[in-house]
1. So is residue 6 touching a strand residue (DSSP E or B) at 6+ places or on another chain (Cβ under 9 Å) and over 20 Å from residue 131 (Cβ atoms) or not?
2. Please count how many residues of the range 37-51 are in contact with a helix residue (DSSP H, G or I) (Cβ under 7 Å, 6 or more places away or on another chain) and closer than 18 Å to residue 67 by Cβ.
3. So which residues in the range 133-163 are out of contact with any strand residue (DSSP E or B) (no Cβ under 9 Å at 6 or more places or on another chain) and free of Cβ contacts under 8 Å to residues at least 24 places away in the same chain, if there are any at all?
4. Within the set of pairs 6 or more residues apart or between chains, which connect a residue that is touching a residue at least 40 places away in the same chain (Cβ under 8 Å) and at positive phi inside the range 61-72 to a residue that is assigned to a helix (DSSP H, G or I) and surrounded by 15 or more Cβ atoms within 10 Å (Cβ to Cβ) with Cβ atoms less than 8 Å apart?
5. Report yes if residue 123 is under 28 Å from residue 34 (Cβ atoms), at pLDDT 90 or above and either surrounded by fewer than 20 Cβ atoms within 10 Å (Cβ to Cβ) or out of contact with any strand residue (DSSP E or B) (no Cβ under 9 Å at 6 or more places or on another chain) (or both), otherwise no.
6. Looking at this structure, is residue 162 in contact with a helix residue (DSSP H, G or I) (Cβ under 9 Å, 6 or more places away or on another chain), at pLDDT 90 or above, assigned to a loop (DSSP other than H, G, I, E, B) and closer than 22 Å to residue 81 by Cα?
């Protein structure tokens, strides 16, 4: 029952990622499960994912670096219960050229952090280091990792990060890139995590787990 509910949430997330054009071949979605995780098949495009494309992977049963990365994130971050690895176009563009970019929108500062950093590689150690204090990061050469206490929060983070990247690129083209001040961004993030989102995410996590 719990696994079935989680699979339905994953299918809905994949559909929304595809509808918002935030994916490319090879992208995956996973959620934490007892003893491991549920993860989509990277060989199936998000728009075509079915329940048969979602499988359980135990903590020591990773096949390939992608599954190993997701398991490593869950092992090192107890606050994370969902991971999205995708390729949103503006994020990919920034990841190929920069090492980070600042929060350009209030919701980016709240959900992601005061900056979005670019991991130098897809190695788990680099990704985990880059995610420190943040819910998402970009990957050098293209790609995004978005995480959350719930799958809903991870999806929102992925969407917000792309919106922030679009805002940053657009403002850079016409003049000076916009950004939220460090103090304001840190304050927004703290208030979001400690107050406004805490009960909401707890309720959504219970719902996602079939509770």
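The values are calculated or read from the model by the stated rules, or taken from the named source; none is laboratory data. Remember, it's a predicted structure, so these values are computed and weren't measured experimentally. All Cβ positions, glycine included, derive from the backbone under ideal geometry; neighbour counts span all protein chains shown.
1. Details: touching a strand residue (DSSP E or B) at 6+ places or on another chain (Cβ under 9 Å): yes; over 20 Å from residue 131 (Cβ atoms): yes.
It is true that residue 6 is touching a strand residue (DSSP E or B) at 6+ places or on another chain (Cβ under 9 Å) and over 20 Å from residue 131 (Cβ atoms).
2. Kept after step one, since they are in contact with a helix residue (DSSP H, G or I) (Cβ under 7 Å, 6 or more places away or on another chain), are these residues of the range 37-51: 37-42, 44, 46-47, 49, 51.
Next cut, closer than 18 Å to residue 67 by Cβ only: 37-42, 44, 46, 49.
Total satisfying the criteria: 9.
3. Selection gives 133 alone.
4. Between residues of the range 61-72 that are touching a residue at least 40 places away in the same chain (Cβ under 8 Å) and at positive phi and residues that are assigned to a helix (DSSP H, G or I) and surrounded by 15 or more Cβ atoms within 10 Å (Cβ to Cβ), there is no close pair.
5. Numbers: under 28 Å from residue 34 (Cβ atoms): yes; at pLDDT 90 or above: yes; either surrounded by fewer than 20 Cβ atoms within 10 Å (Cβ to Cβ) or out of contact with any strand residue (DSSP E or B) (no Cβ under 9 Å at 6 or more places or on another chain) (or both): yes.
Answer is yes for this residue.
6. On the way: in contact with a helix residue (DSSP H, G or I) (Cβ under 9 Å, 6 or more places away or on another chain): yes; at pLDDT 90 or above: yes; assigned to a loop (DSSP other than H, G, I, E, B): no; closer than 22 Å to residue 81 by Cα: yes.
So residue 162 fails the test.
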